[in-house]
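Only one structure is covered here, and it is reproduced in the block below.
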Amino acid sequence: MTLTKDDLVRAVTQENLYPLYQSTKIVETLLEIIKSRLSSGEDVLISSFGKFCVREKLERCGRNPATGENMKLVARRVVTFKCSGKLREQINL
């Protein structure tokens, strides 16, 4: 099952006994901060969780899998995630 934004809001509400509107604002603010930092090219490191990195992908040749046609893939930025050692250990218990 996938964890959604609504699930996060409800968990913050239950864990901290905040009203729903306040939990929503907390989660929305946190996500906006992360998005703005990544958009500006900064990495986001969350201790004991992991690191979100913005990586530049160069223009390259590719192939349309449906038609087999060769095409140019434009340069772009992508976000990668590397989990922390603590998170990796917890996942592999």
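The values are calculated or read from the model by the stated rules, or taken from the named source; none is laboratory data. Please read these numbers as outputs of a predicted model, since none were measured by experiment. Methodologically, a virtual Cβ is constructed for each residue, glycine included, from the backbone with ideal geometry; neighbour enumeration extends over all protein chains shown. Heavy atoms of the whole protein, side chains included, go into the accessibility calculation; ligands, DNA and RNA do not. Shrake-Rupley method; radii C 1.70, N 1.55, O 1.52, S 1.80 Å.
Answer yes or no as to whether residue 4 is within 20 Å of residue 87 (Cα to Cα) and surrounded by fewer than 14 Cβ atoms within 10 Å (Cβ to Cβ). Considered against the rule, which asks whether it is within 20 Å of residue 87 (Cα to Cα) and surrounded by fewer than 14 Cβ atoms within 10 Å (Cβ to Cβ), residue 4 comes out as yes.
Pairs linking a residue in segment 26-53 that is more than 25 Å from residue 88 (Cβ to Cβ) to a residue that is open to solvent by less than 80 Å² (accessible area, probe 1.4 Å) and of a type outside the set (Lys, Arg), with Cβ atoms under 8 Å and 6 or more positions apart or on different chains, are 26/12; 41/54. Checking each residue in segment 50-81 for being farther than 19 Å from residue 39 by Cβ and either open to solvent by 80 Å² or more (accessible area, probe 1.4 Å) or at pLDDT 95 or above (or both) picks out 58, 59, 60, 61, 63, 65, 66, 67, 69, 70, 71, 72. Looking across 25, 86, 35, 82, one residue alone is in a strand (DSSP E or B) and within 23 Å of the chain's Cα centre (by Cα). It is 82. Taking the conditions (1) open to solvent by less than 100 Å² (accessible area, probe 1.4 Å); (2) out of contact with any strand residue (DSSP E or B) (no Cβ under 8 Å at 6 or more places or on another chain) in turn, residue 93 satisfies each one other than (1).
Going by the structure shown, is residue 10 open to solvent by 70 Å² or more (accessible area, probe 1.4 Å) and either within 18 Å of the chain's Cα centre (by Cα) or more than 30 Å from residue 90 (Cα to Cα) (or both)? No: the conditions fail for residue 10. Number of residues in segment 13-42 that are under 17 Å from residue 81 (Cα atoms) and not aliphatic (A, V, I, L, M): the value is 7.
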